[in-house]
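First up is the structure itself, then whatever we jot down about it.
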Amino acid sequence: MRAISKSRTSIRQKIFFSSLLLIITALLLSATIYIVFFAGTSRRLVQQLAREINKQIVFNYEQYLGSVVETGNFLQDAIISLDIAEDREQIIELFVRNSEIKRDLVTKVIFDASGEVILSDSPGIQSGELSRRALGRAAANPELNHFFIGPSINRRVSRNSEVLIVARSLDFFREDAADGGILYLEFDSSAITTLSRNTNLGDAGHLLILDDGNNLMYQSVNDRYSAESYRIAAERFIGGFPVRLLDQNMYVNINTLANTRWRLVTINNIDEVTQTPLQISAVVLVVFIISLLLTALAAGLVSFRISRPINLLINYMERVEEGEFFETISVEGQKEIVALADSFNHMITRIRGLMTRLVEQQRDKRKTELRALQNQINPHFLYNTLDSIVWLAEHKREQDVITTVVALAKFFRISISRGANFIPVETELEHALNYLTIQQIRYVERFSHRFEIDPEMMRYRVMKLILQPLLENAIHHGLGDEPGDIVLRGWLGESMMYFSVSNSGYGITEAKIREIDEKMRGKEDGHGVGLRNVFQRLRLYYGEEADIRISSIPDEETTVTLEIPLRPEDRPGSEVDE
Amino acid sequence: MKWISCAAALAVFLLMSCTEASLEVAVFSYNNQDPFIARHVEQIISIAPENFEIELFDASNSQIIQNEQIESLLSSPPDLVIINPVDRTAAYTIINSFKATGTPVIFFNREPLPQDLDLWDQVYYIGARATQSAELQAELISPLFGENPDDLNEYDLNGDDVIQAIILKGEPGHQDAEIRTRVVQEHFAELGYRLEVLSVESANWNGDEAYQKIDALLPVYGERMEVILSNNDVMAIGAIRRLRQAGYFQDLNDDGMIDRANEPWFPVVGIDGIDAAAESINAGYLYGSVRNDSATMSRAIVELMEVILGTRDGDQFGFTLDNRYVWIDYLPYTR
């Protein structure tokens, strides 16, 4: 049964592990759902935000570029109704007026088809590289009206500001003949670039503008990210996607700018938001571990509380199995377990009561048996005694007859003792003396006897009829052919009372002593009924301490000693029980 | 018995799905608020064979929205895309994006720049030549002044054998406005007629603006002008509204119609052939218009789509493919 219990899991383990498993599953599930959901949502939100920012910037730029185109159209419309040669003054005035309304238009130049300056409000601008560039673009894109050439630094104006260069094909009349050329405009683009720069793209976020040839038109900052972000922007044409830019997580968004053939690229720093799920995961992990520890503690406690009374009960039952019926168990805990313990206690009490009764019944039975034994009078002793009385009477030995009959009467009176089991030592000695008196008359001087008794003992109580069987043995078995000597001794020890019967004679061998001893202590009946009877009665009434010892000195004597514990009630003056 | 019918149903389903290996096509409209484009797109979808699964994207006149719509397809692109771009100058981004996914592109209605169309050999354009609308406009109106350009009839009001004209221009800088304004003048010359442009007024494609512009011009040119050439129908109808108030059109018998033989009228021509223009032409107000033939164009788009995707033989293509361009003629439209 114990082997089985070891191979199986205990209640405690079962409760502990199942509650732990339950909590781990619940925690893992909720943590996973939370992280996945949160990560997904935050990623989606941050990408949406990046797109919205990009759209806003594109919108700002398109508004601005729209106004640039409108200005170009307005000038074309105005110039077509004038003659560029004859109405020079009017056109210059138009330029001045226009600059007053649109203050960011800083430079206006008209080139003819060969690139020569016809009209200019900026004396610094000469035909040459600028006109060649503008004409080149116009030739390459015959279908476009406006060419956004790109930003540059205007060194001619004192502000030294960034300008956006726009060229436009221009139809005009020169000396009444229709002709064509290029209208070259420079816009101060600081307003729009400042606006873009102030847009929150996050730490190290920036924006680029590329043209259709992937030439860099504009970049908001020039730092260590620029080269890499340019490379990424040049590879893609439209759309948004996350990238890893050096040590940062960025979200790139590319959109077209209307009418320009340009692409505006925003690069938002989403590192912080990308990190957030990681931090959340870390927090969730910590919470997970703490909850797990708390759960383990709680589960351990609960399972301990449940299993402890059960284990106590099991230990107690094991002791009961081993035969200890003498304690009850007190178990505190769940009411089922307490009820179980109570029932068990009740059962044990019943068993214990039954066993005690059984033992008592057994002892009573033994006592009854032994009392019967003790009351047995050897009939041969009576016949022999009566025979010897007859023989004495025939020989007219009246005095001996009287002595014998008186001794016999006393012998029987003491034997019966009105049913008392324990009698004063004095009375027991008297009984022994009566027996010896009768036997001495019968066996006619075959033995002498003497008593050596501690006078202290006389008033102690002792179990009756314990000395006569020893004397009988000494007379029948101990004495040899020569007249012998029988000595009855009695003395007190610390807590014991001793009697011994010694007889002179051949003595007996050690082997014989062992044989007698074994018969005496053995269970089976047989020879030596007298000694065995005494031994059993002593053990029954005085317990294990009572004993009988046999010793012998060859060719000298044999001694049988009774060792009797002194019981309080046997001391003089105590009440007689029984 | 039940499992047999199930198996039969399954077999039929599998067979159908095998034969109907549908082709996915995405159609992008620049703005479905524009009735012309809305009808155009509707035609494309309605005449496409049934095994084409066509999805429509409306950019609501925003290239940003169209960019997002295109981007949404790039991860699992359809078999072909048909695009009416919002900003035709940005077409190179669209072409490069679909070149990367290997998806053929047919542009329509708004023509990408020629250098962009050359970026990849799987890009096509179907549309009308912008110049042709202006040419047809000139061809439509010039016979009114007589067959002989050197000796004009009574519609040359001042008898100088030169046609005095006012041009209503669309949005300045708009490709069509610039081309139509330029080409109509050029084509009159090509036809041999002398044209004097009294004024070119921009009304931004808008009827009310055209009304205002004519209102301002009447005191100056009211006596001299002999014809109004409008870049589109909407402006032409706006101009007619003002001319009716000024008595240039008079419905003398109140029958809701202008009878050109008996009642005063003035020649105004437009371009586009919208419904309102058709009504006006039928009522005798608008002299004529030039119609963008969206039905034919839709047919060309669908046939080209089938040829590209291999469901139609090349020789079954009813149009001329000119270096990945298919040109559809404008149609003159008069009473």
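Determine which member of the set A:100, A:89, A:52, A:62 is of a type outside the set (Lys, Arg) and either closer than 20 Å to residue A:260 by Cα or part of a strand (DSSP E or B) (or both).
A:62
Could you pull out the residue among A:80, A:84, A:53 that is surrounded by 20 or more Cβ atoms within 10 Å (Cβ to Cβ) and within 13 Å of chain B (Cβ to nearest Cβ)?
The unique qualifying residue is A:53.
Tell me which helices (runs of 4 or more DSSP H) are completely within segment A:463-548 and hold 2 or more residues being basic (Lys, Arg) and under 26 Å from residue A:366 (Cβ atoms), or say none if there are none.
Once the helices (runs of 4 or more DSSP H) in segment A:463-548 are filtered for at least 2 residues that are basic (Lys, Arg) and under 26 Å from residue A:366 (Cβ atoms), what remains is A:510-521, A:529-542.
Collect the residues in segment A:340-353 that are farther than 11 Å from residue A:309 by Cα and hydrophobic (A, V, I, L, M, F, W, C), keeping them in residue-number order.
If the condition is that a residue be farther than 11 Å from residue A:309 by Cα and hydrophobic (A, V, I, L, M, F, W, C), then A:344, A:347, A:348, A:351 are the ones that fit.
For segment A:56-77, enumerate the residues that are of a type in the set (Gly, Ala, Ser) and either touching a residue at least 40 places away in the same chain (Cβ under 8 Å) or within 11 Å of chain B (Cβ to nearest Cβ) (or both).
A:66, A:72
Name the one entry in B:64, B:37 that is within 14 Å of chain A (Cβ to nearest Cβ), within 27 Å of the chain's Cα centre (by Cα), modelled with pLDDT under 95 and surrounded by 16 or more Cβ atoms within 10 Å (Cβ to Cβ).
So the residue among B:64, B:37 that is within 14 Å of chain A (Cβ to nearest Cβ), within 27 Å of the chain's Cα centre (by Cα), modelled with pLDDT under 95 and surrounded by 16 or more Cβ atoms within 10 Å (Cβ to Cβ) is B:64.
I need the strands (runs of 3 or more DSSP E) fully contained in segment A:214-332, keeping only those with at least 2 residues that are touching a helix residue (DSSP H, G or I) at 6+ places or on another chain (Cβ under 9 Å) and within 14 Å of chain B (Cβ to nearest Cβ).
Fully inside segment A:214-332 and qualifying: A:239-245, A:248-257, A:262-269.
Take the residues in segment A:333-347 that are of a type outside the set (D, E, K, R) and out of contact with any helix residue (DSSP H, G or I) (no Cβ under 8 Å at 6 or more places or on another chain), then tell me which one is surrounded by the most Cβ atoms within 10 Å (Cβ to Cβ).
Applying the filter and picking the extreme gives A:345.
For segment A:536-578, how many residues are at pLDDT 90 or above, over 18 Å from residue A:471 (Cα atoms) and of a type in the set (Gly, Ala, Ser)?
1
Determine if segment A:556-569 includes at least one residue that is more than 21 Å from residue A:426 (Cα to Cα), out of contact with any Gly (no Cβ under 6 Å at 6 or more places or on another chain), surrounded by 14 or more Cβ atoms within 10 Å (Cβ to Cβ) and aliphatic (A, V, I, L, M).
Looking for residues that are more than 21 Å from residue A:426 (Cα to Cα), out of contact with any Gly (no Cβ under 6 Å at 6 or more places or on another chain), surrounded by 14 or more Cβ atoms within 10 Å (Cβ to Cβ) and aliphatic (A, V, I, L, M), one finds none in segment A:556-569, hence no.
Kindly establish whether residue B:73 is touching a strand residue (DSSP E or B) at 6+ places or on another chain (Cβ under 8 Å) and within 14 Å of another protein chain (Cβ to nearest Cβ).
Here the answer is yes, as residue B:73 does meet what is asked.
List the pairs whose first member sits in segment A:125-147 and is within 14 Å of chain B (Cβ to nearest Cβ), whose second member is part of a loop (DSSP other than H, G, I, E, B) and crowded, with 17+ Cβ neighbours inside 10 Å, and whose Cβ atoms are under 7 Å apart, counting only residues at least 6 apart or on separate chains?
Listed by first residue and then by second, the contacts come to A:141/B:113; A:143/B:113; A:145/B:173; A:146/A:259; A:146/B:173; A:147/A:141.
Going by the structure shown, is residue B:201 outside any helix (DSSP H, G or I), acidic (Asp, Glu) and at pLDDT below 95?
yes
So for segment A:352-361 (the condition being in contact with a helix residue (DSSP H, G or I) (Cβ under 9 Å, 6 or more places away or on another chain) and surrounded by fewer than 16 Cβ atoms within 10 Å (Cβ to Cβ)), does at least one residue qualify?
No: segment A:352-361 contains no residue that is in contact with a helix residue (DSSP H, G or I) (Cβ under 9 Å, 6 or more places away or on another chain) and surrounded by fewer than 16 Cβ atoms within 10 Å (Cβ to Cβ).
For segment B:205-212, indicate whether the set of residues that are surrounded by 17 or more Cβ atoms within 10 Å (Cβ to Cβ), at positive phi and under 27 Å from the mean Cα position of the chain (by Cα) is non-empty.
Yes, segment B:205-212 contains a residue that is surrounded by 17 or more Cβ atoms within 10 Å (Cβ to Cβ), at positive phi and under 27 Å from the mean Cα position of the chain (by Cα).
So, of the residues in segment B:111-129 that are crowded, with 18+ Cβ neighbours inside 10 Å and assigned to a helix (DSSP H, G or I), which turns out to be nearest to the other protein chains (Cβ to nearest Cβ)?
Within segment B:111-129, the match that is nearest to the other protein chains (Cβ to nearest Cβ) is B:116.
Of a type outside the set (S, T, N, Q) and more than 20 Å from residue B:40 (Cα to Cα), is that true of residue B:85?
no
Which of the residues belonging to segment A:191-201 are touching a residue at least 12 places away in the same chain (Cβ under 8 Å), of a type outside the set (A, V, I, L, M) and either surrounded by 20 or more Cβ atoms within 10 Å (Cβ to Cβ) or not in a loop (DSSP other than H, G, I, E, B) (or both)?
A:193, A:196, A:197
Among residues belonging to segment B:153-195 that are small (Gly, Ala, Ser) and surrounded by fewer than 14 Cβ atoms within 10 Å (Cβ to Cβ), point out the one that is farthest from the other protein chains (Cβ to nearest Cβ).
B:159
Looking only at segment B:76-99, filter to residues that are assigned to a helix (DSSP H, G or I) and within 8 Å of chain A (Cβ to nearest Cβ); which one of those is surrounded by the fewest Cβ atoms within 10 Å (Cβ to Cβ)?
The extreme case among them is B:96.
When you look at residue B:239, is it assigned to a helix (DSSP H, G or I), over 22 Å from residue B:40 (Cβ atoms) and in contact with a strand residue (DSSP E or B) (Cβ under 7 Å, 6 or more places away or on another chain), yes or no?
Against the criterion (assigned to a helix (DSSP H, G or I), over 22 Å from residue B:40 (Cβ atoms) and in contact with a strand residue (DSSP E or B) (Cβ under 7 Å, 6 or more places away or on another chain)), residue B:239 qualifies.
Which residue, of B:60, B:76, is closer than 25 Å to residue B:274 by Cβ and without any contact (Cβ under 8 Å) to a residue 60 or more places away in the chain?
Only one candidate qualifies: B:60.
Go through (1) assigned to a helix (DSSP H, G or I); (2) in contact with a Leu (Cβ under 6 Å, 6 or more places away or on another chain) one by one and return the number of the condition residue B:132 breaks.
Among (1) assigned to a helix (DSSP H, G or I); (2) in contact with a Leu (Cβ under 6 Å, 6 or more places away or on another chain), the lone unmet condition for residue B:132 is (2).
The values are calculated or read from the model by the stated rules, or taken from the named source; none is laboratory data. Fair warning: this is a prediction, and the values are worked out from it, not measured in the lab. In this analysis, Cβ positions are derived from the backbone assuming ideal geometry, glycine residues included, and neighbour counts consider all displayed protein chains.
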